[in-house]
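Following: one structure in structure tokens, then a few remarks.
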Amino acid sequence: MRIVLVGPPGAGKGTQAAYLAKNLSIPHISTGDLFRANISQGTDLGKQAKAYMDAGNLVPDEVTNAMAQDRMEKPDAENGFLLDGFPRNVSQAGVLDELLTAGGLKLDAVLDLEVPEDEVVKRIAGRRICRNDSAHVFHVTYSPPKKEGVCDVCGGELYQRDDDSEETVRTRLEVYHTQTEPIIDHYRAQGLVVTISALGKVTEVTERAMEALGRA
Ligand code: ADP
């Protein structure tokens, strides 16, 4: 299956993507994770991306498209993938459409995770992520780790993302509404969009998502 995941920051895309990718046996491709890996490795690409990310803005399309294409062309993505964070504007969606068409491929579904704005801000402000694996996500009040600052899964150090401050979250939400939401209409016109609520327990949302994808 080829799936695109959309939803505002804090909707739980990363968390859900990890479970869904496992269930569906396809790689989870997260542009945010790819950028963060480049930043921590100090690559040129990471240096280019960091200032945009810290301000809550999108990294320029040329950089993003090339990185996403490169990842999608890896052998493990031959039979499908779950895209998380790409495309993030209409122009990127056009590039993805072209890439797929050129390969004689198409998307199966665009899974849209819906969550109210006040909930998003609460989720992000308390979010803590493991340095070893961004799928190991905790929240200081909603799902605290057993030991403060330490990942329950692997013992890694938990940290707060540089772009998870309240001020940056507002910018990210604004960018989501103005630039990313229009891609939902783009895909709705192709009959690909399935919308589910991202509220409730992580496992409940995963079940909802699997059920919705079954109908897609
Ligand atoms: P979020 O929780 O906001 O969905 P991500 O980890 O997906 O966070 O992305 C973090 C940041 O990485 C974004 O705010 C943006 O700066 C950059 N980024 C990720 N994907 C893209 C993309 N497709 N185009 C441009 N910038 C991107």
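Among rounded, prolate and oblate, which fits the chain when a ≥ b ≥ c are the square roots of the eigenvalues of its C-alpha gyration tensor, a/c under 1.5 means rounded, and a/b larger than b/c means prolate?
Rounded, since a/c falls under 1.5.
Mind checking the dipole of the chain: about its Cα centre, +1 per Lys or Arg Cβ, -1 per Asp or Glu Cβ, Debye to the nearest 20?
480
Only Lys, Arg, Asp and Glu count, each charged at its Cβ (+1, +1, -1, -1), so figure out the dipole size of the stretch 81-150 about its Cα centre, rounded to 20 debye.
Magnitude of the dipole: close to 520 debye.
Note down the nm distance, to one decimal, between modelled labels 7 Å out along Cα→Cβ at GLU166 and at LYS22.
Taking the two extended label points, one gets 3.4 nm.
Taking GluC sites (Glu not before Pro) that fall in a DSSP loop and have at most 16 other Cβ atoms within 10 Å as cut points, what is the longest piece of the chain between them?
1-72
How would you classify the stretch 49-159 from its alpha-carbon gyration tensor, with a ≥ b ≥ c the square roots of the eigenvalues: rounded for a/c under 1.5, else prolate if a/b is greater than b/c, otherwise oblate?
Prolate.
Put +1 on the Cβ of each Lys and Arg and -1 on the Cβ of each Asp and Glu in the chain; which of LEU111, HIS136, TYR176 then has its Cα farthest toward the positive end of the dipole?
Most positive-ward Cα: HIS136.
Tell me, MET210, MET53 in order of fewest to most beta-carbon neighbours within 10 Å?
MET210, MET53
State the cysteines of the chain left without a partner when partners are defined as other cysteines whose beta carbon lies under 4.7 Å away.
CYS154
Given the rule -39500 (n - 2.57) for each run of at least 4 DSSP H residues, summed and divided by the residues of the chain, what is its mean residue ellipticity at 222 nm, to the nearest 500 deg cm²/dmol?
-14000 deg cm²/dmol
Bear in mind these aren't lab numbers, they're just calculated from the coordinates by the rules spelled out. Here the structure is a predicted model, which means the values were calculated and not measured. FYI the Cβ positions are ideal-geometry reconstructions off the backbone, even for glycines, and counts take in every protein chain you see.
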